[in-house]
């Protein structure tokens, strides 16, 4: 049975509680910085509204007995909770053994939440009844080194990696020289990356999260963060000393999460973004990184570059009376949307949309 649940802000954790959280992180088969206390600290500092529920066993004494699980979340009050960092969070969920009995109704009540919404949930038995959709989250397997990864993708029939390598050489020869740095803690270059990213949002008609202010300040802090569970890594591709592409990520142990990638659209025909991604992977492998997470999404390059994928889920934990009907409606809508999106008949339209996005990427206002 579940025992006491204690709610803390990340900054309120005792040294013993923080150490227990870190032990859970270190025991993960594939660690992720998004579930680290450092990431919670970062979001709490710049955005606020971050809490963590400490789960104890039956009969445990909080403060004396160590927690058996951790549930980090974010809320602005009103009973609605989201993952820490909201839409910025690519992996979230519950840090607890699968065999630990979890009463989610009790957990949400302790967190003063009526509902907790998720869209990149890592699997846990407690959440299975609330999953409305599952998606693959792509990653590069560098456990045998970059060359083994590269040859493995070629053997699997991916022409993209070979094509990008050829574009890399051509770009360097015709418009270079190209140089690459695995980490450049430069705020001015980060602002350039953000500017390109905002242009991408505008071209795709997506919400520009940088209008909120705090995400930019969080990324600036990330540039100089150094810890075993969260280290910022800003990889930059230069042409004649000027940045043409960047990839800002977070390292957690031997895993690197590619987080914000963008490039100068003046060089779109050379594929600088893809070149930067593969150069960043090669440098990561040389630095002891065995896996690069690309995240979920329909982008073609993820399918071409990925060695494999792990599953993440979307849905909401909601015990309100209307929740079952609302969940059924959402599942039906998402199913119809996914069927249409994956239909062969829709491919001409998808190609047209992608072409329009490329042509307008550099012309849309931020």
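The values are calculated or read from the model by the stated rules, or taken from the named source; none is laboratory data. Remember, it's a predicted structure, so these values are computed and weren't measured experimentally. Methodologically, a virtual Cβ is constructed for each residue, glycine included, from the backbone with ideal geometry; neighbour enumeration extends over all protein chains shown.
Tell me, which strands (runs of 3 or more DSSP E) wholly within region 49-165 include 2 or more residues that are under 19 Å from the mean Cα position of the chain (by Cα) and in contact (Cβ under 8 Å) with a residue 24 or more places away in the chain?
Output list reads 69-75, 80-82, 115-121, 131-141.
Quick check on my filter: what residues within region 97-110 are surrounded by fewer than 19 Cβ atoms within 10 Å (Cβ to Cβ) and under 26 Å from residue 42 (Cβ atoms)?
Residue satisfying the conditions is 110 alone.
From 36, 11, grab the single residue that is buried (at least 16 other Cβ atoms within 10 Å of the Cβ) and at pLDDT 95 or above.
The match here is 36.
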